[in-house]
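The values are calculated or read from the model by the stated rules, or taken from the named source; none is laboratory data. All figures in this text were calculated on a predicted structure; none of them were measured in a lab. Ideal geometry is used to build each Cβ from the backbone, glycine not excepted, and the neighbour counts take in all protein chains shown. What goes into the accessible areas is simple: the full protein's heavy atoms, side chains included, and nothing from ligands, DNA or RNA. Shrake-Rupley method; radii C 1.70, N 1.55, O 1.52, S 1.80 Å.
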Amino acid sequence: MQFEKTPGWLDWYANPSKPRFKVPVGSVDAHCHVFGPGAEFPFAPERKYTPCDASKQQLFALRDHLGFARNVIVQATCHGADNRALMDALLHANGMARGVATVKRSVTDRELQELHNAGVRAVRFNFVRRLVDFTPKDELLEVAGRISKLGWHVVIYFEAADLPELWDFFTALPTTVVVDHMGRPDVSKPVDGPEFELFVKFMREQDNVWSKVSCPERLSLSGPPALNGERNAYRDVVPFARRIVQTFPERVLWGTDWPHPNLKDHMPDDGLLVDFIPHIAATPQLQHKLLVENPMRLYWPEQP
Ligand code: 0GY
């Protein structure tokens, strides 16, 4: 099937620079996606956007270029609850990728087992209104109960302003809970202001809650650096991510978010994103936890 991209859709950056920061051996890109290819894995009818293609081969080439060893591939909303593209990528990764799927209440135990066999270890619950239609909370809780028996966890995606309303639901989840992109803080607000304090409190009071300190390109208002050769990009996001890494070093993950869905203004150079890491995890110890120990504990617990 041929798909026409959403008008204004930005394709991923074709020739990312080589990062100056050398990630530790065995690093995991713990948040990335595959899109189709649409001709092989059609996008879902209920999708809110139609992306460019972004294949497993292209993802694995980026992994190698940036110096990463493994990927955690997150089901993107353009594929709805049809996890075939995700499973195909996982099955072709030689054990070097795990997955986060989207499932409905109607999913069978056999389908869950197939997802598990392919490498899925979590489901994603998305509360970002521009991306998905509302799913009743009782359905999500039922799914969470079922997947917890497989040892999976729940990944949640929401915007900072919605945390108060979602608090009771999130704190009722029976599994480890991983938050995408620090709950999308508004970085024009103070890092010690009430909105981000609530997120820090969420992590402090709930020791099952982890956070991805990813997506500065999505959160930044100051944007990428001017074309002056400077590689310290997205600096307005640094205090937020650094605070989470320093306060909860055992419960943070990092990912590129390649191929960067729904960016309207610019497409990040993935090499530059990797160079963001030492600004938020300043020591080799913190970098090793963020990029190796934490994702390995969560997604490859069987590995020594
Ligand atoms: C992200 C962010 C976005 C999109 C998706 O699944 C998705 O469609 O995750 C977004 O538009 O903010 O995590 O990649």
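Quick notes on this one:
- Residue within segment 252-264 that is at pLDDT below 95 and of a type in the set (Gly, Ala, Ser) present: no
- The condition of being open to solvent by 30 Å² or more (accessible area, probe 1.4 Å), among the hydrophobic types (A, V, I, L, M, F, W, C) and farther than 24 Å from Ala89 by Cβ holds for only one of Leu198, Leu150, that being Leu198.
Results for (1) under 23 Å from Met87 (Cα atoms); (2) of a type in the set (S, T, N, Q); (3) within 15 Å of the ligand (Cβ to nearest atom), shown as yes or no for each residue.
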residue: Thr108; (1), (2), (3): yes, yes, no
residue: Leu115; (1), (2), (3): yes, no, no
residue: Arg121; (1), (2), (3): yes, no, no
residue: Asn126; (1), (2), (3): yes, yes, yes
residue: Arg130; (1), (2), (3): no, no, yes
residue: Lys137; (1), (2), (3): no, no, no
residue: Ala144; (1), (2), (3): yes, no, no
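- A single entry from Phe41, Phe3, Phe35 fulfils the requirement of being more than 22 Å from Ile277 (Cβ to Cβ) and open to solvent by less than 10 Å² (accessible area, probe 1.4 Å): Phe35.
- Taking the criterion of being more than 16 Å from the ligand (Cβ to nearest atom) and on the phi > 0 side of the Ramachandran plot, the only residue of segment 146-198 that qualifies is Gly151.
- Contacts under 8 angstrom Cβ, first residue in segment 185-198 being hydroxyl-bearing (Ser, Thr, Tyr), partner part of a loop (DSSP other than H, G, I, E, B) and surrounded by fewer than 16 Cβ atoms within 10 Å (Cβ to Cβ), 6 or more apart: Ser188/Leu221
- Output for segment 153-185, where each listed residue is of a type in the set (Asp, Glu) and open to solvent by 60 Å² or more (accessible area, probe 1.4 Å): Glu159, Glu165, Asp168
- Unmet requirement for Trp254, which otherwise passes all of (1) under 19 Å from Val187 (Cα atoms); (2) within 16 Å of the chain's Cα centre (by Cα); (3) without any contact (Cβ under 8 Å) to a residue 60 or more places away in the chain: (3)
- Residues located in segment 232-273, provided they are within 12 Å of the ligand (Cβ to nearest atom), within 20 Å of Val179 (Cα to Cα) and either among the small types (Gly, Ala, Ser) or open to solvent by 10 Å² or more (accessible area, probe 1.4 Å) (or both): Gly255, Pro261, Asn262, Leu263
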